[in-house]
Amino acid sequence: MNETRLETKKFSAVVEEVSSQPTAGKCLITEPLTSCTLIIVGASGDLTARKLIPALFELFLNNSLPNPFNIVGCSRTDLSGDDFRKKMKYACEHIPGQSPGDWQKFAENLYYRKVDYESPRSFSELAIYLRALNSEKNTGGNWIFYLAVPPSLYPKLSRMIGQAGLSREGREGNGWSRIVVEKPFGSDLDSALELDRILHTDFHEHQIFRIDHYLAKETVQNILMFRFANAIFEPIWNRSFIDYIGIIAAEQLGVEHRAGYYEQAGVLRDMFQNHMKQLLALIALEPPASFEADRVRDEKIKVFRAMKPFDVGKFDEELVLGQYGPGKIDGHHVSGYREEPGIAPDSLVPTFAMMRIFVDNWRWKGVPFYLVSGKRLARKVTKLVVQFKEVPHSLFQNVLGKHIIANRLTFGVYPEEEITLTFQTKSPGARVCLRTVTMDFTYKQGFEGPALEAYAKVLLDCILGDHMLFWRQDGVEQSWSFLSPILEECETCGNRGERLHPYASGSWGPKRAEKWMQLIL
């Protein structure tokens, strides 16, 4: 008995010591980073001002950039270096934690150069400029080329960079060289294979970073930690205990300024080929042998390969497509998709999809995965729901006269980054009454250090050369292999219009999807 009390005291002392240690600064980069130059191709565009430069400035404020580190903006727009810096300063005014002089120090490493995307000579001159800047600032000849341009320009620009001699590692004055491309990676399997062929003409696979910023969100990154660092959950993470899994990424916004892209893509290419499949893979994968990029991505590939192909004859049982019409968002009238600028008045492009997928392996056989994404829905929310099965026998049925609500685990990505678990307890009082209570954890709880935005994390990983949060080509191919037959059926069938169900803006999608939506919301 005394030994037990002694061990309990020792355990309590350890918990108290760990709990009392400050968390701020523990998860920041502490080792010096390799100096390099980030070249943003398409730097006059929206992505650079909205996401990339603010993310880099955030890293700078948190001492998480190499020293020295240069940023060179390139585009077809005729801008001076001062004009570019002024534009970027305006884009970063909202970032908290700035002190007087911080922007000026950051801007000293910010440059701009006009390039012609059609001219090999222009890129040869860019190479001369970058090497001169490298000699002046001593960044080791290490390059990161971020293609912040429409995907149609990826093949041309990657070849221009390669032909200018900037992709060859360890030669011609180069150190290492990396290229970053945003989704979508092609528009179907054939175009994805062709894009990969062209990228690999000048870059090796380890040099290519296919970005998916969803993977850098705190809750998403924490799924693996939650599953494999806690012994109480992994033993029940299978078909014996889980009833279904729901993944939803809903937006209030409409197509906005992306009409040209969205008319070609639609919701399936925009969200399901990439973001939604990655979230599914993290929930479903087997434990990797080690927490290394390729080992984790190996397990994701196994999930993609195990996804049961759709039975085209039962297409409508597995997929609901919709398109938003007029309605109200936050009390304000909004237009329907076909009334948006740049959208064809008879467009049959889906803006909503709900898909039921089965992962046909030992762990998940028979467990449905409900994937939902859409525009102009009731509110913006992204979450993953793990719905456990009801208890097999209710010993309380004679007392309560009803079934017991099953446990539910939720990974909230937006609006709150949190994890919640619901379970049943007895209500206070003389009668036997159950109530559902929630145990919750939010990421800001007990943490005072800087919380980096998703783009800041993926840019940092590009600098580190860590592929953990990026797609590998075989994953891209497997994802398209699953989705391509569905796209072909959706886009070529004669009754395409009949399969597209209208829904009012501000609702939760088409009536046909209501039953499935109730499982997730």
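The values are calculated or read from the model by the stated rules, or taken from the named source; none is laboratory data. These figures come from a predicted structure and were not determined experimentally. So basically every Cβ, Gly included, is an ideal-geometry build from the backbone, and we count neighbours across all protein chains shown.
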*Mind checking which pairs have a first residue in region 79-92 that is touching a residue at least 40 places away in the same chain (Cβ under 8 Å) and a second that is surrounded by fewer than 17 Cβ atoms within 10 Å (Cβ to Cβ) and basic (Lys, Arg), Cβ under 9 Å, 6 or more apart or different chains?*
Ala91/Arg50
*Enumerate the pairs (first residue in region 295-307 and over 14 Å from Trp362 (Cβ atoms); second residue anywhere and in a strand (DSSP E or B)) with beta-carbon separation below 6 Å, excluding pairs fewer than 6 apart on the same chain, so at least 6 apart or on different chains.*
Met307/Ile357; Met307/Val359
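Just name the residue that is surrounded by the most Cβ atoms within 10 Å (Cβ to Cβ) out of those in region 503-518 that are among the aromatic types (Phe, Trp, Tyr) and modelled with pLDDT of 95 or more. Don't jump to the end; show me each part of the working.
Kept after step one, since they are among the aromatic types (Phe, Trp, Tyr), are these residues of region 503-518: 503, 508, 516.
Right, trim to modelled with pLDDT of 95 or more and you get 503, 508.
Working: Tyr503: 24, Trp508: 21.
So, considering only residues that are among the aromatic types (Phe, Trp, Tyr) and modelled with pLDDT of 95 or more, the one surrounded by the most Cβ atoms within 10 Å (Cβ to Cβ) is Tyr503.
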*Do you know which residues across region 279-304 are in contact with a helix residue (DSSP H, G or I) (Cβ under 6 Å, 6 or more places away or on another chain) and either surrounded by fewer than 20 Cβ atoms within 10 Å (Cβ to Cβ) or hydrophobic (A, V, I, L, M, F, W, C) (or both)?*
Ala281, Leu282, Ala284, Leu285, Glu286, Pro287, Pro288, Ala289, Ile301, Val303, Phe304
*Enumerated strands (runs of 3 or more DSSP E) restricted to region 263-368, each holding at least 2 residues that are over 21 Å from Ile211 (Cα atoms) and aliphatic (A, V, I, L, M)*: 319-325, 352-358
*Give the number of residues within region 229-261 that are under 29 Å from Ser191 (Cα atoms), touching a helix residue (DSSP H, G or I) at 6+ places or on another chain (Cβ under 9 Å) and at pLDDT 90 or above.*
5
*Residue tally, condition over 27 Å from Pro32 (Cα atoms) and surrounded by fewer than 18 Cβ atoms within 10 Å (Cβ to Cβ), over region 462-476*: 2
*Residue by residue through region 332-347, note down the ones that are of a type in the set (A, V, I, L, M, F, W, C), surrounded by 15 or more Cβ atoms within 10 Å (Cβ to Cβ) and closer than 25 Å to Ile486 by Cβ.*
Ile343
*Do you know which residues across region 143-165 are farther than 29 Å from Ala265 by Cβ and surrounded by fewer than 22 Cβ atoms within 10 Å (Cβ to Cβ)?*
Gln163, Ala164, Gly165
_Number of the exception - Leu371 against (1) farther than 21 Å from Leu487 by Cβ; (2) buried (at least 17 other Cβ atoms within 10 Å of the Cβ)_ = (1)
*asked:* The conditions are (1) assigned to a helix (DSSP H, G or I); (2) in contact with an Asp or Glu (Cβ under 8 Å, 6 or more places away or on another chain), and Val255 fails exactly one of them. Which is it?
replied: (1)
_If I go through region 384-403 residue by residue, how many of them are surrounded by fewer than 16 Cβ atoms within 10 Å (Cβ to Cβ) and at pLDDT 75 or above?_
4
*Pick from Gly374, Gly327: which is small (Gly, Ala, Ser) and over 27 Å from the mean Cα position of the chain (by Cα)?*
Gly327
*Among residues belonging to region 172-191 that are among the acidic types (Asp, Glu) and within 27 Å of Ser481 (Cβ to Cβ), point out the one that is surrounded by the fewest Cβ atoms within 10 Å (Cβ to Cβ).*
Asp190
*Is it fair to say Phe482 is among the hydrophobic types (A, V, I, L, M, F, W, C), within 24 Å of Lys383 (Cα to Cα) and modelled with pLDDT under 75?*
no
*asked:* Tally up the residues in region 67-84 that are surrounded by fewer than 20 Cβ atoms within 10 Å (Cβ to Cβ) and either within 26 Å of the chain's Cα centre (by Cα) or not acidic (Asp, Glu) (or both), please.
replied: 7
_Checking the condition touching a residue at least 24 places away in the same chain (Cβ under 8 Å), over 24 Å from Trp143 (Cβ atoms) and out of contact with any helix residue (DSSP H, G or I) (no Cβ under 6 Å at 6 or more places or on another chain), which residue from Phe203, Phe226 passes?_
Phe226
*When you scan region 234-252, how many residues do you find that are surrounded by fewer than 18 Cβ atoms within 10 Å (Cβ to Cβ) and assigned to a loop (DSSP other than H, G, I, E, B)?*
5
*Residue in region 312-323 that is surrounded by the fewest Cβ atoms within 10 Å (Cβ to Cβ), counting only those that are under 14 Å from Arg512 (Cα atoms) and touching a residue at least 60 places away in the same chain (Cβ under 8 Å)*: Asp316
*Under 9 Å by Cβ, and 6 or more places apart or on different chains, what pairs join a residue from region 122-137 that is closer than 13 Å to Asn174 by Cβ with one that is surrounded by 15 or more Cβ atoms within 10 Å (Cβ to Cβ) and hydroxyl-bearing (Ser, Thr, Tyr)?*
Leu130/Thr37; Asn134/Thr37
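If the requirement is being touching a Ser or Thr at 6+ places or on another chain (Cβ under 8 Å) and surrounded by fewer than 19 Cβ atoms within 10 Å (Cβ to Cβ), which of these qualifies: Glu205, Glu169, Glu194?
The match here is Glu169.
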*asked:* Condition check: part of a helix (DSSP H, G or I) and either of a type in the set (A, V, I, L, M) or surrounded by fewer than 17 Cβ atoms within 10 Å (Cβ to Cβ) (or both). Does Ala43 satisfy that?
replied: no
*Return the only residue of Pro350, Pro326 being farther than 22 Å from Thr219 by Cα, touching a residue at least 24 places away in the same chain (Cβ under 8 Å), in contact with a helix residue (DSSP H, G or I) (Cβ under 8 Å, 6 or more places away or on another chain) and surrounded by 23 or more Cβ atoms within 10 Å (Cβ to Cβ).*
Pro350
